[in-house]
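Note sheet for the following structure.
The values are calculated or read from the model by the stated rules, or taken from the named source; none is laboratory data. Since the model is a prediction, treat every value here as computed from it, not as a measurement. Here the Cβ positions follow ideal geometry from the backbone for every residue, glycine too, while neighbour counts run over all protein chains shown.
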Amino acid sequence: MKTLLRIAIALAMVLTMSSGAFAAPNPAAYEAKFVGLKETYNAGESIKLSVETKTAGQITDAKFLLKTIGGNDKDKITSVRTTHSKTKATYTTTGYLKPTSQGIYLLAYQATLKSLEGEKKIELIATLSIKDPNKITLNVTPNTIHVKKGKEVPILITYSSKSTPQFSYSTQVTELYTKRFGNENKKVILFKAEKAGKFTINITAKNKYDEVSEAVEIVVSD
């Protein structure tokens, strides 16, 4: 009886191992992903594109496709190549993109996976936001002010640009200070409400690449 029990246990172990533990990888299965890709880059920056595909099958016809919204349609992905690591069972496809204009760049990776089961299409999508570092981003707080006559009102200007802008104002103000915090600059100006009425301060930032404006509405009461 004990002998029969040992044989039954041994058969069960053999069946378990043959059905799962030592099963060969499925060549029709895959896992693909972009590696090291950020969401935001600067115009003129060289971007390395990399996709890793883990599979026991064969990858062919790997390529990148590119479309832009507001960017430069002439920008291309160059130096595309695919390498294979047998030890890691991984295909790596790389390419390079150097966007020349601000905009949204829609990136697609496509490849064909071949196995004994046939062919399967692989596709990944990524969206890149390309910023022009010379463009000026400008934000003014608050945009609307209610104040009593004779009071002084501080206004915060937050801006960023690789090329330092010059500021001008449609109404007389006093610049208190400008400080840098991380990737942004913060400037505080002071408006003195000397008489009652409605006033608009147009704040303009300008460099040799860009010019932007924001308006502040001020209501001064007696």
Inset, instruction - Take segment 43-81 and flag every residue that is more than 24 Å from Lys135 (Cβ to Cβ) and without any contact (Cβ under 8 Å) to a residue 24 or more places away in the chain. - result: Thr78, Ser79, Val80, Arg81
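Which one of Ser129, Ser50, Ser101, Ser79 is out of contact with any strand residue (DSSP E or B) (no Cβ under 6 Å at 6 or more places or on another chain) and either within 21 Å of Lys33 (Cβ to Cβ) or assigned to a loop (DSSP other than H, G, I, E, B) (or both)?
Just a single option satisfies the conditions, and that option is Ser101.
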Inset, instruction - Could you run through segment 167-222 and say how many residues are over 23 Å from Val147 (Cα atoms), part of a strand (DSSP E or B) and acidic (Asp, Glu)? - result: 2
Inset, instruction - Please work out which one of (1) over 26 Å from Val220 (Cβ atoms); (2) modelled with pLDDT under 95; (3) crowded, with 16+ Cβ neighbours inside 10 Å is the condition Lys162 fails and give its number. - result: (3)
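Do the conditions hold for Thr78, that is, is it within 30 Å of Ala193 (Cβ to Cβ), surrounded by fewer than 17 Cβ atoms within 10 Å (Cβ to Cβ) and of a type outside the set (A, V, I, L, M, F, W, C)? Give the steps one after another, and end with the answer.
Values: within 30 Å of Ala193 (Cβ to Cβ): no; surrounded by fewer than 17 Cβ atoms within 10 Å (Cβ to Cβ): yes; of a type outside the set (A, V, I, L, M, F, W, C): yes.
Criteria not met by Thr78.
Would you confirm, using the coordinates I've provided, whether Gly103 is on the phi > 0 side of the Ramachandran plot and either modelled with pLDDT under 95 or hydroxyl-bearing (Ser, Thr, Tyr) (or both)?
On the way: on the phi > 0 side of the Ramachandran plot: yes; either modelled with pLDDT under 95 or hydroxyl-bearing (Ser, Thr, Tyr) (or both): no.
Taking the combined requirement at face value, the residue does not satisfy it.
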